[in-house]
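The values are calculated or read from the model by the stated rules, or taken from the named source; none is laboratory data. Small disclaimer: the values here were computed from a predicted structure and weren't measured. We place every Cβ from the backbone using ideal geometry, glycine too, and count neighbours over all the protein chains shown. Ligands, DNA and RNA are stripped out before the accessible areas are found, and what is left, the full protein with its side chains, is counted by its heavy atoms. Shrake-Rupley method; radii C 1.70, N 1.55, O 1.52, S 1.80 Å.
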Amino acid sequence: MKISRVTAAYFSPTGGTKAYAEGLAAALVPSYADVNLTAPLVRAKAREFGPDELVILGAPVYAGRLPAVEGGLFGALRGHDTPAVCLVSYGNRAYDDALLEMLDLCAAQGFHCIAASAWIAPHTFSGKIGAGRPDEADREKLRAFAGEVRALLETGVPDGAVPAVPGHRPYCPVKRMPFHPEADRRCIRCRRCVAACPVGAISPASPEKTDSTRCIDCLACVHACPVHARSVYQPPLADIGAGCEKAFLTPRREPEWFLARR
Ligand SMILES: Cc1cc2nc3c(=O)[nH]c(=O)nc-3n(C[C@H](O)[C@H](O)[C@H](O)COP(=O)(O)O)c2cc1C
Ligand code: SF4
Ligand code: SF4
């Protein structure tokens, strides 16, 4: 099958998913369309894809699921029997039902998932977990996966075939974290955190606060703050990170992928 255009469309508050989605697109074709769905306005824009296109859909794993954002991660994307590659990034613990959830989302939006994959990136709560990933070994695997996707497109996907990914339906329940970032007195009200927040949880009028009903704990605001005023203080982010390191620093997890087969 001849593909006229490849698009990498991903939600990636701290860049781990972006690195893999773009890495895969670059391994597939010399030039591709890049759609970063992290910003609400980009996410809300309606986009249609034809049957001769290939779309890479990427998102991080949050507590074994996809991030729960208003309007959905891919709610404005509409495929017309468009082949898609699903991709999740996770912080070396597990991806549980997230890849299966993405496969289901993909089908609901008119895409036909021909391949699905899970990759390891730095953990949002501790840069020590998954540090330096994607590394050369991951990039080698991205190239190998891209080769298998290309071969599948050339031979043709068997009718009705979808990748057999791990996971359960009903999915594990959405779990929200019991903490949220806020700013301390170092805040200079530059509002970069407001612009970085993917769910509108920080109001421009009071950027030191956080709407806990909206916040998904992605920590994009913490990364964006130029004076390190924004962090999780209750409990301290360092303690959260240390707890995660104790549980998920080792063993090193490796990428996995699944192709649509009969
Ligand atoms: C709220 C939250 C929950 C997370 N849950 C998991 C998880 O269940 N398993 C895991 O391995 N990593 C988990 N992570 C880590 C992220 O999946 C990982 O860091 C991901 O690569 C972040 O993607 P991004 O850099 O594209 O934002 C979680 C991160 C956050 C913020
Ligand atoms: S990015 Fe930091 S300094 Fe700027 S408004 Fe937000 S918390 Fe304040
Ligand atoms: S306020 Fe919450 S959702 Fe918004 S960027 Fe910060 S951590 Fe992410």
Item to complete: Using only alpha carbon pairs under 8 Å that are at least six residues apart, calculate the relative contact order of the range 182-234 and give it in whole percent.
Response: 45 percent
Discussion item. Among T17, A238, P173, which residue has its Cα furthest toward the positive end of the charge dipole of the chain, with +1 on Lys/Arg Cβ and -1 on Asp/Glu Cβ?
Written reply: A238
Worksheet, complete the sentence: Residue by residue through the range 98-108, the couplings from Karplus 6.51 cos²θ - 1.76 cosθ + 1.60 with θ = phi - 60°, in Hz, x for Gly and Pro, are 5, 6, 5, 4, 5, 4, 5, 4, 4, 5, 5
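Under a 1.4 Å probe, what is the accessible area of the chain per residue, stated in Å²?
Values: 12200 Å² over 262 residues.
Spelled out: the 1.4 Å probe surface of the chain, per residue, equals 47 Å².
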Discussion item. Using +1 at the C-beta of Lys and Arg and -1 at the C-beta of Asp and Glu, which of S212, C190, V222 has the Cα lying farthest in the positive direction of the dipole of the range 182-234?
Written reply: C190
Worksheet item: Once both labels are modelled 7 Å past Cα along the beta-carbon direction, what's the R185-A161 spacing in nm?
Response: 6.5 nm
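Whenever you get a sec, compute what percent of the accessible area on the range 69-161 sits on carbon and sulfur atoms (1.4 Å probe). Write out the running numbers ahead of the final one.
Values: 1720 of 3330 Å².
Ligands and nucleic acids excluded, carbon and sulfur give 52 percent.
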Discussion item. Suppose every Lys and Arg Cβ carries +1 and every Asp and Glu Cβ carries -1, with no other charges. What dipole size does the chain come out with about its Cα centre, to the nearest 20 debye?
Written reply: 620 debye
Item to complete: Starting from the amide H of C113, placed 1.01 Å from N in the peptide plane, find each other amide H under 5 Å away whose residue is 5 or more places distant or on another chain.
Response: A84
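As an exercise, identify the GluC sites (Glu not before Pro) in the range 25-110 lying in DSSP coil whose Cβ has no more than 13 other Cβ atoms within 10 Å.
Details: sites: E48, E53, E70, E101; in loops: E70.
Of the GluC sites (Glu not before Pro), the ones in loops of the range 25-110 whose Cβ has at most 13 other Cβ atoms within 10 Å are E70.
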Worksheet item: What is the sum of charges around C218, taking Lys and Arg as +1, Asp and Glu as -1, for the other residues whose C-beta is under 13 Å from the C-beta of C218?
Response: +3
Worksheet item: Using the alpha-carbon atoms, what tilt in degrees (0 to 90, nearest 10) does helix 237-248 show relative to the longest principal axis of the chain?
Response: 40 degrees
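Are there any trypsin sites (Lys or Arg not before Pro) in the range 30-100 that are in a DSSP loop and have at most 16 other Cβ atoms within 10 Å? List them by number. Working shown, then result.
On the way: sites: R43, K45, R47, R65, R78, R93; in loops: K45, R93.
Of the trypsin sites (Lys or Arg not before Pro), the ones in loops of the range 30-100 whose Cβ has at most 16 other Cβ atoms within 10 Å are K45.
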Response to the item:
Sequence order, the range 128-136: Karplus ³J(HN,Hα) from phi using 6.51 cos²θ - 1.76 cosθ + 1.60, θ = phi - 60°, Hz rounded, Gly and Pro as x, gives 6, 7, x, 4, x, 9, x, 9, 4
Worksheet, complete the sentence: Expected vector for the range 51-62, Karplus 3J(HN,Hα) from phi with 6.51, -1.76, 1.60 and θ = phi - 60°, integer Hz, x for Gly and Pro, equals x, 9, 10, 10, 10, 9, 9, x, 7, x, 9, 10
Fill in: Cβ-based charge dipole, the range 38-197, positive-most Cα from L66, L153, G132
G132
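Quick check for me: using +1 on Lys/Arg Cβ and -1 on Asp/Glu Cβ, what's the dipole size of the range 188-262 about its Cα centre, in debye to the nearest 20?
Values: 11 positive and 7 negative charges, 56 e Å.
Rounded to the nearest 20 debye, it is 260 debye.
At 1.4 Å probe size, with the rest of the protein present, what percent of the exposed accessible area of the range 182-234 is carbon and sulfur atoms? Can you show the working numbers first?
Details: 1460 of 2840 Å².
Its accessible area is 51 percent carbon and sulfur atoms.
By per-residue mean of other Cβ atoms within 10 Å, what is the highest-first order of 19-29, 116-126? Spell out each step's value before the answer.
Numbers: 19-29: 21.9, 116-126: 24.5.
Put in order of decreasing packing, that is 116-126, 19-29.
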